[in-house]
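Just so it is clear, none of the values below were taken in a lab; they were calculated from the coordinates. No experiment lies behind these values; they were computed from the predicted model shown. Neighbour counts are summed over all protein chains in view; Cβ atoms, including those assigned to glycine, are modelled from backbone coordinates with ideal geometry.
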Amino acid sequence: MELNVNKTVADIATLVGGKVAGDGSFLIDKAATLKEAGPADLSFLGNQKYAQAAAASQAGCLLLPQGAESLACAAKSRIFVEDPQFAFSQVLAMIVERQPKSPPSLDAKASIHYQAKMGPGVSVGPFAVVERGAAIGEGTTIGAQCYIGENAKIGRFCRIYPQVVIREDCVVGDRAVIHSGTVIGADGFGFSPDKKTGKHRKLPQVGNVVVGDDVEIGANVAIDRASVGSTKIGSGTKIDNLVQIAHGVKIGPDCIIVSQTGIAGSSELGHHVVLGGQVGLVGHIAIGDGVQVGAQSGIMSDVPAGTIMFGYPARPHRESFKLQALYGRLPELFQAVKQIKQKLGITDGSKA
Amino acid sequence: MELNVNKTVADIATLVGGKVAGDGSFLIDKAATLKEAGPADLSFLGNQKYAQAAAASQAGCLLLPQGAESLACAAKSRIFVEDPQFAFSQVLAMIVERQPKSPPSLDAKASIHYQAKMGPGVSVGPFAVVERGAAIGEGTTIGAQCYIGENAKIGRFCRIYPQVVIREDCVVGDRAVIHSGTVIGADGFGFSPDKKTGKHRKLPQVGNVVVGDDVEIGANVAIDRASVGSTKIGSGTKIDNLVQIAHGVKIGPDCIIVSQTGIAGSSELGHHVVLGGQVGLVGHIAIGDGVQVGAQSGIMSDVPAGTIMFGYPARPHRESFKLQALYGRLPELFQAVKQIKQKLGITDGSKA
Amino acid sequence: MELNVNKTVADIATLVGGKVAGDGSFLIDKAATLKEAGPADLSFLGNQKYAQAAAASQAGCLLLPQGAESLACAAKSRIFVEDPQFAFSQVLAMIVERQPKSPPSLDAKASIHYQAKMGPGVSVGPFAVVERGAAIGEGTTIGAQCYIGENAKIGRFCRIYPQVVIREDCVVGDRAVIHSGTVIGADGFGFSPDKKTGKHRKLPQVGNVVVGDDVEIGANVAIDRASVGSTKIGSGTKIDNLVQIAHGVKIGPDCIIVSQTGIAGSSELGHHVVLGGQVGLVGHIAIGDGVQVGAQSGIMSDVPAGTIMFGYPARPHRESFKLQALYGRLPELFQAVKQIKQKLGITDGSKA
């Protein structure tokens, strides 16, 4: 997509609620990264790690954090805002808004059951399947090659990208975004060992998945249906790619689940929980509101609200960092004990 | 799905082989979770962690483990069984059995090659592709938008959910269940470095995947075809979502592979192996019968039959648990050594 | 696929540049694994772990490494080469070359926009979608049920397997291979917390993904589009199944990324980097040329070129292996300190 801005610095400052330093009448051409922006373009400094890149950038206008007034840079104009990354995203959103939109249409190549309920302004792409009794809310787009199972309900103004599977009886709220390759409502992984035969007997998985409003789910995610009742994703929660959410899990509102994390069956998360990438949670545990878990950590038991956890197995992060530091000092500890034993004349054959 | 039971407590006790306490003539309305069950409903206590929830449940009838006769609860009727979760699943299976079933059909919107062999009672959903020479056994359902490659063989009474890919020459046994988004038979990850150019040269992957009878495979799983010969999944083995099984792996019968686990090339598992979630196995190793591996563990070498492994890198679980406990006590150990050094007048500048 | 060789030992030696020992006129029937090869078949010893299997093999001809002249085996003929696995793969490639190939065709059941640009000799499978402005280069195969978004560009002689999604504006070079279930160009995971409401506001993701020449990408991989600019995969890089590559990541040429690894946003990799399976990299870091990272490691900061890293958190591998060895000796260290304290009469109530 061409990121043409075509607004003056002053216009942009008004849009993002920022304060201009330099030439406000300057007309911005494009939005671009620090590296790629030219003398007519807009960029931003969103992370102090990139302060040098900002200083070296050829951008004509930079969105900068308040307090960065002294940053030396090539930009003729600067706009100071509280959150430059978000301000830049507001400019991008303006550009996206201007793009021509296709009128809604039910593609003739889709397979839509005559007993499916389609709201006004719904789009369904080619080779999508909408089964009997499914209901798609106003203004929702079902991408090409999606599968919407029997009696599934999708809310209003959702964006379901190509090749998503939403199995029978599952429910998605309003304004949800679901990316390609994601499977919602596959059977939970439930088997019971038959002690006599050693065979694993399947436990029926006849519940569903309920996804709240304003949820975003990345690509190739798997959220399993509950055995009975519902697997739940709270409103406003955002889930990254390749995440596994097992049957019966309940995730509260406004959580962030980073990619490749797995949550085992029936565990419950409060609101505003943040799980880093590749985190694992065992089943049947409770994670309190606002808990944050560092990447690759393993959570094996309940975590009280507000705790920051890290490590494998996870511990409160200060304790975990301290232990890791001591772990790195094991060679000197072994050395010290060896020296003490020599001094004391302990020669027991132990290697420590 | 409505979980209407519409049977008396006595009927249910007969179905599950349990013993009634209380009113056996009581007519059960629905099957439900402990939290959601009302005074006319059936629920169960499947895990001692939920004993309080069972005590607090409004369920009219509870399936309870033998020995829980003294549990105080609101249930007017109780049924005591060996395995309440399995008993409850038998009730669910009865409900599923009663659901009306669509007659088998080859959807007119599917693309089925005229040289594909279709058994009696096969269903193929819309936009599915069945290539030349593929064979689908009696009573098997191929979901919408599935891809069945040339000369692939699918057994009898399988359930292949929408958007599964089974590549050319792969074989699936009878009664297998494969969930959406799973890819069977993509090329194994095999490259050979060319020392002169630094380029990775592709090694042809011309083997296949052979999946046994009664295997269940979750959503978004990847099982690669062997370079030569077969990648094998033993009969009765159950594989959870997002699992990676590399080329040439051989998994024995009746194993359990929990989600997001990865098994590198050519490793071999015996029967009844259990791998927890997010486990990693390196390639070219042998895992004995009945081995159990804890979640997130990393297995780097052969494991003898019957061993329980845990940790990264994994060790026998008792050793691993002991080492983790000692790890948590490193601060006191460093403190003790410091104290000893003071007492002995050792002042070598080391920090330990 | 039948792996019929139908060449003499001498012919094969010529093909692979090897030296024959034994009967060069012997006609080879099939290529097979060490276990499955019969007295008329060809196999190979590619890994010293399988020396016993080679000795026990019934293969009539073995490809062996130079220096293995003394290996006792049943093979009547042996061919000595520098790299037996690669030599075997050359035989497989010859077999693959001989297979009859379908002529290119645009399947009548595909949905190809009239403003898509199709090069000569392009194939598009049934139920694939190619959107407006997409361009497919000469000789490229787009598998069944693929989705190629608006203005996406795919190079020449690529092989895109069934059910791949390549979103709008993304670019793929020449001779790329992309396996089923992979999603290229889903939105990056970018949200900005609104401190007033506690809600996560979506940051538009309007960049793209640029995949170089000769890249291979496995099954069910997710490569997100950049917020602005491009996520980049360098030419010659090979990516295994279920890998996560976040927005704005730049991967250099000729890297190897093993399955289930995740790379967080904006991190940059040099050339010839090797990441083992299930590795995690945090965002905004730089990994130098030729870095190698062991399986399941967690990389939390920049890594200089040429380093071998291992562990969680990762350290240079020698240090990591030493620390792990000392970790395993913690019991004897605790024991030694206890003994010292006894000898010194320290009885402070500490357990160490």
query: Per residue of A:80-88, how many C-beta atoms from partner chains lie within 10 Å of its own C-beta, taken as a mean?
result: 2
- line: Counting other chain Cβ atoms within 10 Å of each Cβ in B:140-151 and taking the mean gives 4
- request: Calculate the length of the line joining the C-alpha centroid of the range C:145-203 to that of the range B:1-42, in whole Å.
  value: 49
message: Give me the percent relative contact order of the range C:164-313, please, defined on Cα pairs under 8 angstrom at least 6 residues apart.
response: 14
- prompt: For the range A:280-331 and the range B:223-268, what is the separation of their C-alpha centers, rounded to whole Å?
  reply: 31
query: Sorted from shortest, what are the nm distances separating the label point of A:Met300 from equivalent points in the other copies, each placed 7 Å from Cα along Cα to C-beta?
result: 2.0, 2.0
field: Inter-site label distance for B:Lys49 and C:Gln342 at 7 Å from Cα along Cβ, in nm
entry: 4.1
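If packing is taken as the average count of other Cβ atoms within 10 Å, what order do B:334-343, C:234-243, C:215-224 fall into, highest mean first?
Descending mean neighbour count gives C:215-224, C:234-243, B:334-343.
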- request: Tell me which residues come under 5 Å, amide H to amide H, from B:Arg315 once H is placed; ignore anything under 5 positions away on its chain.
  value: B:Phe310
query: If you average 1/r over all unlike Cα pairs in the range B:57-182 and invert the result, what Kirkwood radius do you get in angstrom?
result: 16.9
message: Assume the label is 7 Å from Cα along Cα to beta carbon: what separations in nm does A:Glu69 have to the matching positions in the other copies?
response: 8.3, 8.3
- request: At a Cα cut-off below 16 Å, give the aspartates and glutamates reachable from C:Lys109, other chains included and same-chain residues fewer than 8 away excluded.
  value: A:Asp107, B:Asp107, B:Glu131, C:Glu131
message: Can you sort B:Cys170, C:Cys146, B:Cys73 from fewest to most other Cβ atoms within 10 Å of each residue's own Cβ?
response: B:Cys73, B:Cys170, C:Cys146
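For the protein assembly as shown, count all C-alpha to C-alpha pairs, find those more than 38 Å apart, and express that count as a whole percent of the total. Before the final figure, lay out the partial values.
Working: 288039 of 557040 pairs.
When every Cα pair of the protein assembly as shown is considered, 52 percent fall beyond 38 Å.
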statement: Computed D for chain A, Stokes-Einstein, Kirkwood radius over alpha-carbon pairs, 4 °C, 1.567 mPa s, to the nearest µm² per second, is 54
field: 5 angstrom amide H check on B:Lys7, placed H, neighbours 5+ away
entry: B:Ile28
- prompt: Which aspartates and glutamates does A:Lys338 reach when only Cα atoms under 12 Å apart count, and residues fewer than 8 places away in its own chain are ignored?
  reply: A:Asp348, C:Glu332
- prompt: ³J(HN,Hα) across the range C:145-155 via Karplus (A = 6.51, B = -1.76, C = 1.60, θ = phi - 60°), whole Hz, x for Gly/Pro?
  reply: 6, 7, 10, 10, x, 3, 6, 5, 10, 10, x
field: Nearest-20 debye value, the range B:1-76 charge dipole, Cβ charges on Lys, Arg, Asp, Glu
entry: 180
- request: Normalise the Debye intensity by I(0) for the range B:173-325, one equal point scatterer per Cα, no solvent, then take log10 at q = 0.19 Å⁻¹ and round to two decimals.
  value: -1.08
field: Amide hydrogen neighbours beyond the local backbone of A:Tyr147, cut-off 5 Å, H modeled
entry: A:Val129, A:Val164, A:Val165, A:Ile166
- prompt: Using θ = phi - 60° and the Karplus form 6.51 cos²θ - 1.76 cosθ + 1.60, what ³J(HN,Hα) does each residue of the range B:42-47 get, whole Hz, x for Gly and Pro?
  reply: 9, 9, 7, 10, x, 8
statement: Inter-copy distances for A:Glu82, label 7 Å out on the Cα-Cβ vector, sorted ascending, nm, one decimal, are 6.4, 6.4
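Determine the relative contact order of chain A: mean sequence separation of Cα pairs under 8 Å and six or more apart, normalised by residue count, in whole percent.
6
For the cross-link pairs C:Lys19/C:Lys101; B:Lys153/B:Lys250; A:Lys49/C:Lys322, which exceed 26 Å when the distance is taken from alpha carbon to alpha carbon?
C:Lys19/C:Lys101; A:Lys49/C:Lys322
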query: Label-point separation (nm) for B:Glu319 and A:Thr14, each offset 7 Å from Cα along Cα-to-Cβ?
result: 7.2
query: With θ set to phi - 60° and the Karplus curve 6.51 cos²θ - 1.76 cosθ + 1.60, what are the ³J(HN,Hα) couplings of the range C:60-77 in order, to the nearest whole Hz, using x for Gly and Pro?
result: x, 9, 10, 7, 10, x, 4, x, 9, 4, 8, 4, 7, 8, 6, 5, 5, 10
222 nm mean residue ellipticity, helices alone, for the protein assembly as shown (DSSP H n ≥ 4; -39,500 (n - 2.57); rounded to 500): -5000 deg cm²/dmol
